[in-house]
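Everything below concerns the one structure shown next.
Every number here is computed from the coordinates shown, using simple stated rules; none is lab data. All values reported here derive from a predicted model rather than from experimental measurement. Cβ placement follows ideal geometry from the backbone for every residue including glycine, while neighbour counts extend to all protein chains displayed.
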Amino acid sequence: MTILDTIGSTQTVGSHRPWPRAVVDDAGWARAIDEFAAGRWTLSGLWADVDAVHMAVISGANEIAVLTYQCSNGRFPSVAARHPPAMRLERAIFSLFGYEPVGTPDRRPWLDLGFWDVAHPLGKRGAPQREPYAFLPAEGDALHQVPVGPVHAGIIEPGHFRFTANGEFVVRVEERLGYVHKGIESLMAGATIERGAQLAGRASGDSTVAYASAFARAVEAATQITPPARALYLRALMAELERLANHFGDIGAICNDASFALMHAQTGILRERTLRATEACFGHRLMMDAVVPGGVARDLNADGEAQLRGLLAELRARFPRLIELYDNTASLQDRTVTTGIVKPEYARQFGAGGYIGRAAGRNFDARRTPGYAPYAELSFDVPVLAAGDVNARVWIRIREVEQSLSLIEQILERLPPGGVATAIAVSGPCEGMAYAEAFRGDVLVWLRLGDDNRIRRCHLRDASWFQWPLLETAIENNIIADFPLCNKSFNCSYSGHDL
Amino acid sequence: MALIHEFIFQGAQMLLVLALAPLLTGFVRKVKARLMRRRGPSLIQPYRDLARLLRKDVVLASNASWLFRAIPYLVFAGTWVAASLVPTFRSGLLFSWTADLIALIALLGSARFFLALAGMDTGTGFGGIGASREMMIASLAEPAMMMIVFAVALIAGSTQLSTMAAFMNSPEVGLRVSLGLGLLALIVVAIAENARIPVDNPATHLELTMVHEAMILEYSGRHLALVEFASFLKLLLYVSLIACLFAPWGISTATAEPALVAVGIAAYAGKIAIGGFLLAVFETAIAKMRVFRVPQFLGAALMLALLATLLRFVSRSF
């Protein structure tokens, strides 16, 4: 039974591609929440539009659809009341648009930290309300609170963590995010497609290729344009290089948080080599603005190909020795094994993507499901582990590095000749959406284009939305001193989440 | 005349540890950086850091008490005196007659106590966490240190460092199991006391994992300079102590000629360099342990030291 059959009476929107979008009534919306609560469907996104709230749904059979609830009165039935993963998304909708989730157990703002000049900047603007933020209580003898951040002792992104601890043992940790809110969705509204691509590429700088690819594919889906095959292969090549660089950085940084700086130094070298190769090939270390709607901005020449082959040879020679170092350092294993366990049922319920979900038994990779070109033509494995601890998240990254190396080899083998870009032409109002697998999980981009070549509304959903809440569960029963290690093994995005 | 002579040597010793302490820290950092294929900061960077901090203004928390302001001076003075008690290149120091190894432990213990008070003084979460962790470490490291002192003192027949060094340098020491156990225990204690990996990480930026650094997070300017300087001195003290007790070769006696004093200085420099190098290698090869594993690590030191003391009662030849 398809998603739309399950929902029953629906009114399908014509120009939404590639998956259907249906406007549902109260009964249909409630039915969808039933399916989430029963664990048959996964909530993959929840965002607002002018007088409407959309949700992206992935069914058990990996079918995808968008359901829309019209809320011209500024109220919609809360999803979070029965499906907690929607909580922060609903709070963000309230802060950005002012739409009220009816029946929600948590009415506090999200992203809006009380510093904005206006309330609800994307909806009906009003005067800001500055109520003190109430952290969730934890009661008991000998409990004490430790506030951490948003300014940290190191140079890292800002986020506030409120620990309630009994000595060293963490009883509860609550995150408060939004310190790097940039108003990307506001900037998107009314922007040209070119400008939109640049904005999407800056949502989270470490995943710029993934964001730009997802945005480009959403535009291409909406306008029904197929980019040249060479461009698709080059996008995959860039995405895998980005994954390599980030995984190298992460593996080293996790070890560094256990004070094993040797690994950090060694993986730092591999990361730097990768970034220099990408700069030589695509003119930018992080490959920012290299992927554009319709294709890619820069072609790979013979010299770049040779550089990448040299890089592959070096990585293949060096990386196995680092795996050995990780595996054979008992003091390091002592820190990572059984630390910060994510329960598989939470990973499933929240639809956690990336290494966090895959280390806790959730076999989901946007390159496979829904899948996109050219990955169907390439052979690769999606590593999955069940342990859910820091060690498992490191191993998923190690295995993915190996898969990425193999993918890059295959892409270089098969890189088709031809052009790398097609022109984009918008013939009329249309909507598109796309998933891309960034290094930390699936990125969702949904957009609506007007006939004047401009973006009406664009929503970017980072994988971190469904990963940050799991960090709060993973730290329970661990000690405060192990939090940085857990946090680094998650490496959720602040920027991509705060938008 | 002899007294003036002694004063000069004791003064020289005090200035020597002061001048050398930042260099040792700089050396350890440099070796660690080289082991990680980084170029690393210059050897004299710790001196520059101290000079920079001394020039800077002090930022005080509004609720900081007078204790918070006084403690850096107390900690620095206590550690400096303790460091100048350990014979470096010449035994028979003037202070030896008034302060022995037990006084040295007391001085360091007081410094630690005051620093923990300072950590809690401003009432921040991190200061409290750091102070509580530091005390947990101290409650095991200090008894272990006492046992080490007893073990070595029973063999040397004194707790006075000059006498101990002279005895250790004489042929009657021989090869003793209890000394080996004592050395191992002392190394473990030294690692814990100096907040080195695997107990604490002196280079970390992660507030939640810090021990020593968490206590001093609120310090700035000249206060921070003094606290930092005290920790440089403490590292030098422990390396000197290990060298003095377990590798006393080359330490000149009180009546030695100038040439032998020069040999003593060269030997001391060599020993410090080797100690710093070994520390850097050890720290590079190991990850930090979980906080609750530290008691086991220090408990091992306590047991080793206890064993070393007990063995003396089993047979005089141990």
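Once C-alpha pairs closer than 8 Å and six or more residues apart are averaged by separation and normalised to the residue number of the stretch B:9-85, the relative contact order reads 39 percent. Legend: helices of chain B (whole DSSP H runs) are marked when their alpha-carbon atoms reach 20 angstrom or more along the helix axis and their mean Kyte-Doolittle hydropathy is at least 0.5; marked are B:2-35, B:66-83, B:101-121, B:125-156, B:177-193, B:221-246, B:258-285, B:294-314.
In terms of its C-alpha gyration tensor, the stretch A:387-472 has an oblate overall shape, because the principal axis ratio a/c (a ≥ b ≥ c, square roots of the eigenvalues) is not below 1.5 and a/b does not outweigh b/c. For the protein assembly as shown, the residue among A:H16, A:V292, B:G11 whose Cα projects farthest onto the positive side of the dipole built from Cβ charges is B:G11. Annotation: amide H-H contacts under 5 Å for A:G295 (H modelled 1.01 Å from N, sequence separation of 5 or more, or interchain): A:T422. The value of relative contact order for the stretch B:167-265, using C-alpha pairs under 8 Å at least six residues apart, is 24 percent. Classified by the C-alpha gyration tensor, the stretch A:184-498 has an oblate form. Its axis ratio a/c, with a ≥ b ≥ c, is 1.5 or above, and a/b does not exceed b/c. Restriction of the trypsin sites (Lys or Arg not before Pro) in the stretch B:274-318 to DSSP coil positions whose beta-carbon has at most 11 other beta-carbons within 10 angstrom yields B:R316. Within the set of other residues whose C-beta is less than 12 Å from the C-beta of A:L232, count the net charge using Lys and Arg as +1 and Asp and Glu as -1. Summing Lys/Arg as +1 and Asp/Glu as -1 gives +2. Look at where the Cα atoms of the stretch A:142-216 and of the stretch A:235-283 average out, and the two centres are 21 Å apart.
Computed over chain A, relative contact order equals 18 percent, with contacts defined as Cα pairs under 8 Å that lie 6+ residues apart.
In this calculation the C-beta distance from A:T369 to A:I323 is compared with R0 = 35 Å, giving a FRET efficiency of 0.80.
Relative to the Cα centre, the charge distribution of chain A, modelled as +1 at Lys and Arg Cβ and -1 at Asp and Glu Cβ, gives a dipole magnitude of about 500 debye.
When you filter the chymotrypsin sites (Phe, Trp or Tyr not before Pro) in the stretch A:63-99 for DSSP loop state and at most 11 other Cβ atoms inside 10 Å of their Cβ, nothing is left. Considering only A:I64, A:L232, A:F260, the residue lying farthest towards the positive end of the dipole of chain A is A:L232, judged by Cα position with unit charges set on Cβ. Restricting the trypsin sites (Lys or Arg not before Pro) of the stretch A:78-182 to loop positions (DSSP other than H, G, I, E, B) with no more than 13 neighbouring Cβ atoms within 10 Å leaves A:R107, A:K124, A:R125, A:R130, A:K182.
Using a cut-off of 30 Å between Cα atoms, the listed pairs A:K488/B:K56; A:K124/A:K182; A:K488/B:K234 include A:K488/B:K56; A:K488/B:K234 as exceeding that distance.
Take the convex hull of the alpha carbons in the protein assembly as shown; its mean projected area over all directions comes to 39.1 nm².
Straight-line reach from B:K30: taking Cα to Cα under 13 Å and skipping same-chain neighbours fewer than 8 places apart, the aspartates and glutamates in range are B:E283. Could you tell me which of rounded, prolate or oblate describes the stretch B:177-300, using a ≥ b ≥ c as the square roots of the eigenvalues of the alpha-carbon gyration tensor, with rounded for a/c under 1.5 and, failing that, prolate when a/b is larger than b/c and oblate otherwise? Judged from the Cα gyration tensor, the stretch B:177-300 comes out oblate (a/c at least 1.5, b/c at or above a/b). Taking the charge dipole of the stretch A:112-162 about its Cα centre, with +1 at Lys and Arg Cβ atoms and -1 at Asp and Glu Cβ atoms, the residue from A:H152, A:H120, A:A142 reaching farthest to the positive side is A:H120. The base-10 log of I(q)/I(0) for the stretch A:1-110, evaluated at q = 0.15, 0.17, 0.19 Å⁻¹, reads -0.57, -0.74, -0.92 [Debye formula, identical scatterers on Cα atoms, solvent excluded].
Compute the signed sum of charges (Lys and Arg +1, Asp and Glu -1) over the other residues within less than 13 Å, Cβ to Cβ, of B:V58. So the environment of B:V58 carries a net charge of +2.
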